[in-house]
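First up is the structure itself, then whatever we jot down about it.
The values are calculated or read from the model by the stated rules, or taken from the named source; none is laboratory data. Being a predicted model, the structure only gives us computed values, none of them experimental. Reconstructed Cβ throughout: ideal geometry from the backbone, glycine too, with neighbour counts over all protein chains shown.
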Amino acid sequence: MLKQTQTAKPRFQLFLIKPSHYDDDGYVVQWMRSTMPSNSLAAVFSLAKGAAERQLFGPDLPIDVYAMDETNTRVRPREIMRRIADNGGLGLVGIIGVQSNEFPRAVDIARPLRAAGVQVVMGGFHVSGCLAMLKEIPADIKAAQELGISIYAGEAEEGLDEMLLDAQRGELRPLYDHMKHLPDIGDVASPPFLPLDFVRRTIGNVTSFDAGRGCPFQCSFCTIINVQGRKSRYRSADSVEQILRMNYAQGVNRFFITDDNFARNKDWEAIYDRIIKLREVDGMDIRFMIQVDTLCHKIENFIDKSKRAGVSRVFIGLENINPANLIAAKKRQNKITEYRKMLLEWKRVGIITYAGYILGFPSDTPESIRQDLEIIKKELPLDMLEFFVLTPLPGSEDHKVLYEKGVWMDPDMNKYDVEHVVTAHPKMTQEEWEGAYQTAWGIYYTEDHLETIIRRAYASGINIRSLMPVLFWFSSAVAIEDMHPLQWGIFRLKYRRDRRSDLPLESPITFYARYAADIVRKVVVVAKRWHHLKSIVRKVEADPHAKLYKDEALTAVVDEDADHMELYTQNEAARVAVERERRVAAKPVNGNGAKTPAPAAQGANGHQDNGHDAGHHVVDVPHAHDPNEPVSPLV
Ligand code: B12
Ligand code: SF4
């Protein structure tokens, strides 16, 4: 326990820190404004605030709760120690939502705190995933425990109080294992929430919350099913309304619903109906980004209600267009014959689409990846495409299999950010695989294709002024920052002393000279790329025929087309898959009346990844954003 200084009345100091991770030079990835508040932090912060309000430690020991996200706030261990000491010496640091790529940084944050005797507990997907899947606790987690870091596996909704009471007595256990019991989240008294001053550190007026957890599918690269389970657990419509109203009251009205597949949230319709009421009856201007699967368009009313509920952007787990790869990853629910129909349905209602695309499945080669991307550009009416390196993430079946077979996986967890290659591939060398990931962005976001995306969007009634910042973000992150768009932020902050503990401190001259040169380079490239995109938007807006734009991707799939579509004929696996779908379907491949499959047969997206003729159908879409409002690239 930390040395106590004189204080009138002790107050328990609870710090909740969402860690960042290190870039390739070993510096903490941090921004003046990061992309979005973390729901993991919102969930634990709100539960902790609830405990404080209930006076969990009794009236004589109030709890002060502080939340910080290292992607936008510098963590100062000495300041934390001082606050604890000034308030009577009782306190706890919770390191929250620690992903595998954040684990080394999380331990580095804990190290000086532990050395000073501060209690530290750590939770999140890395520890939960490892405990869920591996027979023994892996070496990195054991090493953390040896430093005196307590490990919390599983969800906090039912176990937080017990752990806090142990901390109050200064008796934290080395392990809290809540993996066997998944709590009901229907009506949690303190649902996810973060205060306005926290949200202001991120771009736009956006916050995040999970309306549900769990997924019925079994993709081999997925961690979610092994951590959150395969059964859909969801918040009630009342609880969702509570979250929305709490945020609205503080002026936050844009939301990322973090469910890996909101379409498979068993209560999606009740939640949407409530949101529609809030928008249409109570006049609340609220908007959403959701994540869904490639069969969501088959759920009756789902897309139309998404529109009415204020969904302006949707992330789709496309993952791959080669059926052989989808089968290898046990992602059978993704049907290439549905891809264009689904995308045209989203276009019909004027909602912007993002898709995740994973590189490094067994059949992939640099050539096949290039060819697949050209097919996507030509035949699928997608807006943003984002790439991920197939990664055996701790918590996934892929990781467990390789771990148990003793196959080489990079021991540096910092690299498990789905941007680095961390194991071997049957057809590509490490360099080829890394090269394929790096070049994929440039292959998709060519100047010509940026214009095509904007033209398709304009012709479909999408507000291209809203699309522009998003397109900029996704097409530029890797080119400018060499970082995935989901990790990018506004103005990179770098502190010489915040370097990975196993790397030496650089001299101030070397460090600051490089930092300054980097800033100048980025400002120039950002300005150039932004100006270029703006000129395309202006060109399209000035074109009197732009509303009539039509191309193959915007044309509904009909049977005759299907035979020459490269998506359907690119290789033997695609031809076989299309034949099978035709046999299975009650109607031909372009039929609109296909039955909705039972939920257990439908898809979802795991984030790593987590229609009819819309081509000339112009939908009058209200402006998704006030032009003066800061726009979040994500919501
Ligand atoms: C929303 C989201 C994001 C958002 C915001 C992050 C956030 N955490 O909110 C964004 C878009 C920024 C993002 C980015 C990335 N993400 Co992400 N993300 C998610 C997603 C879809 C939801 C997170 C969430 O809200 N979960 C619900 C919360 C409540 O659950 P939870 O985090 O487990 O927290 C609960 C418990 O674990 C526990 N708990 C957690 N911490 C602690 C601490 C203590 C002390 C205690 C007591 C309890 C406790 O209590 C919480 C409440 O019950 C998850 C998938 C998922 N279903 O979780 C992926 C996921 C977390 N992301 C993942 C990855 C890989 C990434 C990226 C690296 C990849 C990428 N390029 O996109 C980046 C990098 C982010 C970074 N380093 O900055 C992986 C991590 C897997 C792993 N083993 O590491 C996941 C699991 C998806 C996957 N593919 O498997 N992500
Ligand atoms: S569909 Fe998505 S969330 Fe479900 S198992 Fe597959 S990757 Fe995981």
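Could you please let me know if residue 507 is within 30 Å of residue 21 (Cα to Cα), more than 27 Å from the chain's Cα centre (by Cα) and exposed (fewer than 13 other Cβ atoms within 10 Å of the Cβ)? Against the criterion (within 30 Å of residue 21 (Cα to Cα), more than 27 Å from the chain's Cα centre (by Cα) and exposed (fewer than 13 other Cβ atoms within 10 Å of the Cβ)), residue 507 qualifies. Give the number of residues within the stretch 365-397 that are part of a loop (DSSP other than H, G, I, E, B), touching a strand residue (DSSP E or B) at 6+ places or on another chain (Cβ under 9 Å) and not aliphatic (A, V, I, L, M). Count: 4. Considering the stretch 402-518, the qualifying helices (runs of 4 or more DSSP H), each wholly inside and each with 1 or more residues that are touching a strand residue (DSSP E or B) at 6+ places or on another chain (Cβ under 8 Å) and of a type in the set (Ser, Thr, Tyr), run over 430-444, 464-481.
Among the strands (runs of 3 or more DSSP E) confined to the stretch 103-219, the ones with at least 3 residues that are on the phi < 0 side of the Ramachandran plot and under 20 Å from the mean Cα position of the chain (by Cα) are located at 206-209. Select from the stretch 319-351 the residues that are over 14 Å from residue 379 (Cβ atoms) and among the aliphatic types (A, V, I, L, M) and write down the one among them that is surrounded by the most Cβ atoms within 10 Å (Cβ to Cβ). If we take residues in the stretch 319-351 being over 14 Å from residue 379 (Cβ atoms) and among the aliphatic types (A, V, I, L, M), then 326 is surrounded by the most Cβ atoms within 10 Å (Cβ to Cβ).
Here residue 99 does not fit the description of being more than 16 Å from ligand 2 (Cβ to nearest atom) and either of a type outside the set (Asp, Glu) or more than 30 Å from residue 254 (Cβ to Cβ) (or both). You will find that of 512, 549, 568, the residue that is on the phi < 0 side of the Ramachandran plot, modelled with pLDDT of 75 or more and touching a Ser or Thr at 6+ places or on another chain (Cβ under 8 Å) is 568 and no other.
Evaluate the stretch 208-218: report whether one residue or more is modelled with pLDDT of 95 or more, crowded, with 24+ Cβ neighbours inside 10 Å, of a type outside the set (Lys, Arg) and away from ligand 2 (no atom under 15 Å from the Cβ). Taking every residue of the stretch 208-218 in turn, at least one turns out to be modelled with pLDDT of 95 or more, crowded, with 24+ Cβ neighbours inside 10 Å, of a type outside the set (Lys, Arg) and away from ligand 2 (no atom under 15 Å from the Cβ). Might you let me know whether the stretch 316-332 holds any residue that is within 16 Å of ligand 2 (Cβ to nearest atom), part of a strand (DSSP E or B) and either of a type in the set (S, T, N, Q) or modelled with pLDDT of 95 or more (or both)? For the stretch 316-332, residues within 16 Å of ligand 2 (Cβ to nearest atom), part of a strand (DSSP E or B) and either of a type in the set (S, T, N, Q) or modelled with pLDDT of 95 or more (or both): present.
Scanning the stretch 285-303 for residues that are surrounded by fewer than 17 Cβ atoms within 10 Å (Cβ to Cβ) and on the phi < 0 side of the Ramachandran plot returns 285, 300. From the list 97, 50, 89, which one is under 26 Å from residue 224 (Cβ atoms), small (Gly, Ala, Ser), at pLDDT 95 or above and assigned to a loop (DSSP other than H, G, I, E, B)? Among 97, 50, 89, only 97 is under 26 Å from residue 224 (Cβ atoms), small (Gly, Ala, Ser), at pLDDT 95 or above and assigned to a loop (DSSP other than H, G, I, E, B).
Restricting attention to the stretch 352-410 and to residues that are closer than 23 Å to residue 468 by Cβ and acidic (Asp, Glu), the residue that is surrounded by the fewest Cβ atoms within 10 Å (Cβ to Cβ) turns out to be 386. Return the residues of the stretch 220-248 that are outside any loop (DSSP other than H, G, I, E, B), away from ligand 2 (no atom under 16 Å from the Cβ) and in contact with an Asp or Glu (Cβ under 6 Å, 6 or more places away or on another chain); say none if nothing qualifies. Within the stretch 220-248, just 239 meets the criteria.
Condition check for residue 366 on (1) more than 25 Å from the chain's Cα centre (by Cα); (2) at positive phi: one failure, at (2). Just one of (1) surrounded by 13 or more Cβ atoms within 10 Å (Cβ to Cβ); (2) closer than 30 Å to residue 496 by Cα fails for residue 536. It is (2).
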